[in-house]
Amino acid sequence: ISRISSGKGVYRMVTKLLTGARMMPVLTAEEEVAENLSTVTTWCKKAANIIGSPNDVYTEKRLVNDLLDMLVEGKRLLTLSEFSAKNIKHGFDDKSLMKDLHHNWSALVSDDVVRLEKLQA
């Protein structure tokens, strides 16, 4: 399996999780997890596009602005707490899952922020 096709598979799984969670009439911790993962995977997909075409950043003004926006959004994502008030309120007690998810996607976003900062320099 190539990295591109496996990345698309992950994105599809998160999209299906989010769609399924949104069908529930009550806000659940699972829905919040799905929304967070959707936000992170969308950000990572955009970051990968910019990182994958570094020459375009210097030739297209739109991508320069996108790069700046991606840096701001990436840094905002890194400030998110692993245990939100909603998860605590809903009694979502699988804290190890939340901690692992947060740790893993934070590492990915942090690495991509560093790569984007190198493009900016």
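The values are calculated or read from the model by the stated rules, or taken from the named source; none is laboratory data. Here the structure is a predicted model, which is why all the values come from computation and not from measurement. Cβ coordinates were reconstructed from backbone atoms using ideal geometry, including for glycine residues, and neighbour counts include every protein chain displayed.
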TODO: May I ask you to list the residues in the range 23-56 that are at pLDDT below 80, surrounded by fewer than 20 Cβ atoms within 10 Å (Cβ to Cβ) and among the aliphatic types (A, V, I, L, M)?
DONE: 23, 24, 26, 27
Task: Selection within the range 97-121 - over 19 Å from the mean Cα position of the chain (by Cα) and modelled with pLDDT of 85 or more - done: 118, 119
- [ ] Give the number of residues within the range 79-96 that are part of a helix (DSSP H, G or I) and modelled with pLDDT of 75 or more.
- [x] 0
